[in-house]
Amino acid sequence: MSGVVVTGWSALTSAGVGVDALAKRLALAEAGQVEKGHEIGDLYEEPMPAANGHFLPSFSPREHLGRKGTSTFDRATGLAVVCCQEALREAGVSLDDEVRPRIGVVLGTSLGSFKSTSDYTRETLVQDKPYLVNPMLFPNTVMNCAAGQVAIRFGLRGANTTIAGGTLGFLNVLRYAGNAIERGHVDVVVAGAVEEFTPHRAWATRLTGVADVVAAGEAAGMFVLAKENTPEWAGTRQRAGVLAVATAYGPGGGEAAETALAGCVHRVLAKAGIDAFEVSTVYTGEVEDGDEREFGPIARALGHRPDRVMVKRLFGECDAASGAVALGVLLAEDRDARPGGLSLLTARGADGAVGAAIVRRYADGGLDRG
Amino acid sequence: MARVVVTGVGPVSSIGIGIAAFAEALRTGRSGISPITSFDPAGFPHRNAGEVHTFDPAAHLRRVDPAEWGRSSQFAAGAARLALADARLDLTSVAPGRAHAIMGTTSGESAVAEALTAQIIEGGFAAQDPALLTQLPANRLANAVSEELGLSGESLTIATACSASNYAIGYAYDLLAGGEADVVFAGGADSVCRWAHAGFFRLGALAKDACTPFDKDRAGILTGEGGAVLTLETYDHARKRGATVYAELLGYGVNCDAIHPVTPDAPTVAECMRIAHRNSGVSPSDVDYICAHGTGTQVNDLVESKAVIEVFGERPPPISSIKSMLGHTMGAACGFGAIASTIAIDRGFLPPTVNWTTADPELGVDPVPNAARPATVRVVQNDGFAFGGNNAIVMLGAPE
């Protein structure tokens, strides 16, 4: 894979809608501090496992998209569609019927909207007649609902792929999207990941033990990806280059997963033609300084200990979307504003799935292309 | 560009487990539809589905512990184990990281999701079993395959609904053709679930007793389940180890209607067929058989037939639906279609559309009604369409 460029992007995080909100939040953040998130208050009727969560307060898709077509959106779909709109706008993509078949959508998730699925199932269990469910909401129970609605909203007719990757979701998306572009299936991919904040995710995060330190969060991050020599309609600036992506699996987890993760690091460095010492920052999925399950094997593979950024400390456990938030932070942060800065994005899943991507951030505002 | 071949298939289905039983069922037009037992269907007016009753995970799985993995993951791992055995492949001979698992699904671990929902209703959110929550993420389907076979390559679950396993087979094709893999286990898995049964019923898309695709009086789908995995290899890898080659994977095409969440669009489906043909280097006149998406709803079969006639003209190749036997196995459906296509090429017959009684003059296609038909099959088009307007078509050919 020769890599792809990011011509524009956006992120919806607990900081708010868009790149500026994210950047502002980062500027305010104390280094290393673990944020508790917003007070949940009366966001949901159901009891929640914690008083705080990393969600977007008073998020309304309608406010950004209008009434038409949004009435059946679940939260994840709303986040994804709004984020895509912002990313296309930020990239300056000119949409017309000639280019629409050449634009794909690749979206990462853990299992779509568990709330939509579970609420639907609940109706079949509590109604007098089990089939008294709303047919209009049935598509929301399918994991590719958000990606389908993104395509419908903007008329994107290229490959439309939903990747269920959990923690690995966003790296899987980058890998898959890069392939789709490289193999010529599409010229441009709007690639990202989304997770919603609901009682279902908040409780799952709490009960499976990954949220001792951070609460559950929600986010969407969408990135307009293209080949370096893609026509101007895909956007005229390069914000970053995703130079190489590798994913792998270590059967049984444990040492096999560590070996597989180190293998991914070696592969992306080799593919990108980068010396390990040029990597200055690693964005990992850990939360605590003492936890090096991910960073340890990476540092050993690199032969040095670069800066480690743990985005979940600021934005919560966003599962598949955490990787997308990490790339957003990478692109928004002042610390990497120097041209040519090289970073690794990494992930390690609960089973044995691992992955790494190497990203070069271009100067503030991006390089002019061509 | 390396050539890509099918050297093994692993069906875990309601009409048979393993290639021998599955092929025999296709040839005899056996139905796998039966009264639902995986959930309590009381209160539903329609109570049939294509459930897999005879799969004993413990008998098939060597490394994956059924107690720790959901039903769909068990189907995935079981199908992969069968596909490996059918390919007679010694995985220790494959370089580490050169064998991958790519699985498609519609609803992932839907049975687990339903069990958790029952716990929420019963005792509130805090009463959910953490062990069940651990089984819930859909990426576990591909991971189950990687665990079961000890694969250290990419482990990817594609959740593009009912075209998902064609998406998976397509990505596998790219990995192999592009030189990034020697072997890929690709396909899909899903489980029958209460919410899909209810949802399709309320859409008016659920048949009562039998699924009757391409029939004038077709009444809709029946939900089904299972796991379908193909062993895909580069031609060189297969040849070097002396493998039996069933079929060649010629290529694939994907696109998106981008119009409606549920209703398919004939012109975009036709365009997907053209993309698949172009990417595979075949013309419509080369295609001997179309393994239909063929859900048996009024709309799907009409749209699919229209697209076929737009692309192939007034005398299109025979097009049959194995969903008439299996029900709609959702994310596994295209995988079963690819396996049926492989068997059609290898064993020289067209699987039938069973339950067929009345021609629909509006469709204008030959659905291979009721009885398998002997045929020399050189090129097959395996159709897959999904909610979200996601079309994916895989092309298979006879081995050279």
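Any read-out appearing in this document is the output of simple, stated calculations on the displayed coordinates, not a laboratory observation. Keep in mind it's a predicted model, so treat the numbers as computed, not measured. Quick reminder, even Gly has a Cβ in these numbers, built from the backbone with ideal geometry, and neighbours come from all protein chains shown.
For each of A:Tyr283, A:Tyr176, count neighbouring Cβ atoms within 10 Å of the residue's Cβ, then give the residues from fewest to most. Intermediate values should be presented prior to the final figure.
Working: A:Tyr283 24, A:Tyr176 28.
Ascending number of Cβ neighbours within 10 Å: A:Tyr283, A:Tyr176.
Within a 10 angstrom radius of each residue's Cβ in B:145-155, how many Cβ atoms of other chains show up on average? Whole number is fine.
Per-residue shielding by partner chains comes out at 6.
Any idea how far apart A:Ala29 and A:Ala276 come out in nm if each label point goes 7 Å out from Cα toward Cβ?
2.7
If I build a Gaussian network model for chain B, linking alpha-carbon pairs within less than 10 angstrom, which residue out of B:Asp236, B:Asp301, B:Asp86 has the largest mean-square fluctuation?
Among B:Asp236, B:Asp301, B:Asp86, the largest GNM mean-square fluctuation belongs to B:Asp236.
Choose one answer from A:Leu95, A:Leu174, A:Leu22: the residue with the largest mean-square fluctuation in a GNM of chain A with alpha-carbon springs under 10 Å.
It is A:Leu95.
Can you give the Rg/Rh ratio of segment A:1-112, where Rg is from the C-alpha atoms and Rh is the Kirkwood radius?
With Rh from the inverse mean 1/r over Cα pairs, Rg/Rh is 1.01.
Give the order of A:Phe223, A:Phe59 when sorted by the count of other beta carbons within 10 angstrom, beginning with the fewest. Kindly include the intermediate steps, with their values, before the conclusion.
Numbers: A:Phe223 33, A:Phe59 19.
Ascending Cβ contact count within 10 Å gives the list A:Phe59, A:Phe223.
List the GluC sites (Glu not before Pro) within segment A:142-250 that fall in a DSSP loop (any state other than H, G, I, E or B) and whose Cβ has at most 15 other Cβ atoms within 10 Å. Please list the in-between numbers first.
Numbers: sites: A:Glu182, A:Glu195, A:Glu196, A:Glu218, A:Glu228, A:Glu232; in loops: A:Glu196, A:Glu218, A:Glu228.
Sparse-neighbourhood loop GluC sites (Glu not before Pro): A:Glu228.
Please identify which residues in segment B:201-242 have an amide N closer than 15 Å to a label point set 7 Å out from the Cα of B:Ala359, following the Cα→Cβ vector.
Flagged as within label range: B:214-217.
For peptide B:40-47, compute the average count of partner chain beta-carbon atoms within 10 Å of each residue's beta-carbon. The partial results should precede the final answer.
Values: counts 2, 1, 1, 7, 4, 3, 1, 0.
Per-residue shielding by partner chains comes out at 2.
Rounded, prolate or oblate for segment B:245-400? Axes are the square roots of the Cα gyration tensor eigenvalues, ordered a ≥ b ≥ c, and the cut-off for rounded is a/c under 1.5.
On the way: a/c = 1.41, a/b = 1.13, b/c = 1.25.
Rounded shape, in that the Cα axes give a/c under 1.5.
Peptide B:386-393: average number of partner chain Cβ atoms within 10 Å per residue? Intermediate results must be reported in sequence, preceding the final value.
On the way: counts 5, 8, 15, 6, 9, 3, 3, 0.
Going residue by residue through B:386-393 and averaging, the value is 6.
Give me the compactness ratio for segment A:62-208, meaning the Cα radius of gyration over 2.2 N^0.38 Å. Let's see the in-between values first.
Working: Rg = 16.3 Å, N = 147, 2.2 N^0.38 = 14.7 Å.
Segment A:62-208 yields a ratio of 1.12.
Which of B:Glu122, B:Glu109, B:Glu233 moves the most in a Gaussian network model of chain B with Cα springs under 10 Å?
In the Gaussian network model the winner is B:Glu122.
Which net charge results when you count Lys and Arg as +1 and Asp and Glu as -1 among the other residues whose beta-carbon is under 13 Å from that of A:Leu125?
-3
In the calculated pair distance distribution of the protein assembly as shown, what percentage of Cα-Cα distances lie above 35 Å? All intermediate terms of the calculation are to be shown ahead of the outcome.
Numbers: 115220 of 296065 pairs.
Here the tail beyond 35 Å accounts for 39 percent of pairs.
Hey, if you drop one equal point scatterer on each alpha-carbon of segment B:44-171 and run the Debye formula without solvent, what base-10 log of I(q)/I(0) do you get at q = 0.14 Å⁻¹?
-0.68
Between B:Asn370 and B:Glu314, what is the FRET efficiency for a Förster distance of 30 Å, r being their Cβ-Cβ separation, to the nearest 0.05? Walk me through the numbers on the way to the answer.
On the way: r = 24 Å, r/R0 = 0.78.
For B:Asn370 and B:Glu314, the calculated efficiency is 0.80.
Any idea what Rg and Dmax come out to for chain B if you just take the C-alpha atoms, in Å?
Cα-based Rg and Dmax for chain B come out at 19.4, 60 Å.
Would you mind ranking B:His46, B:His60 by Cβ crowding within 10 Å, fewest neighbours first? Could the numbers behind the result be given before it?
Working: B:His46 19, B:His60 24.
With the sparsest Cβ surroundings first, the list reads B:His46, B:His60.
Sorted by packing (mean other beta-carbon atoms within 10 Å per residue), highest first, where do A:138-146, B:253-261 land? Before the final figure, lay out each step's value.
Details: A:138-146: 28.4, B:253-261: 24.2.
Top of the packing list down: A:138-146, B:253-261.
So, counting K/R as plus one and D/E as minus one, what does the shell of residues with Cβ under 11 Å around B:Arg202 add up to? Don't jump to the answer; show the numbers that get you there.
Numbers: positive: A:Lys129; negative: A:Glu123.
Taking every Cβ under 11 Å from that of B:Arg202, the sum is 0.
Exceeding 20 Å between C-alpha atoms, which entries from my cross-link table qualify? They are A:Lys227/A:Lys271; A:Lys68/A:Lys129; A:Lys24/A:Lys312; A:Lys36/A:Lys312; A:Lys129/B:Lys208; A:Lys271/B:Lys240.
Working: A:Lys227/A:Lys271 16 Å; A:Lys68/A:Lys129 31 Å; A:Lys24/A:Lys312 17 Å; A:Lys36/A:Lys312 11 Å; A:Lys129/B:Lys208 17 Å; A:Lys271/B:Lys240 28 Å.
Listed pairs above 20 Å: A:Lys68/A:Lys129; A:Lys271/B:Lys240.
For segment B:144-235, what does the alpha-carbon gyration tensor say about shape, rounded, prolate or oblate, given a ≥ b ≥ c as the root eigenvalues, a/c under 1.5 as rounded, and a/b over b/c as prolate? Please report the intermediate quantities before stating the final value.
Numbers: a/c = 3.20, a/b = 2.25, b/c = 1.42.
Since a/c reaches 1.5 and a/b is larger than b/c, the shape of segment B:144-235 is classed as prolate.
Assuming a ≥ b ≥ c are the square roots of the Cα gyration tensor eigenvalues, decide whether segment A:34-100 counts as rounded (a/c under 1.5), prolate (otherwise, with a/b larger than b/c) or oblate.
Here segment A:34-100 falls in the prolate category.
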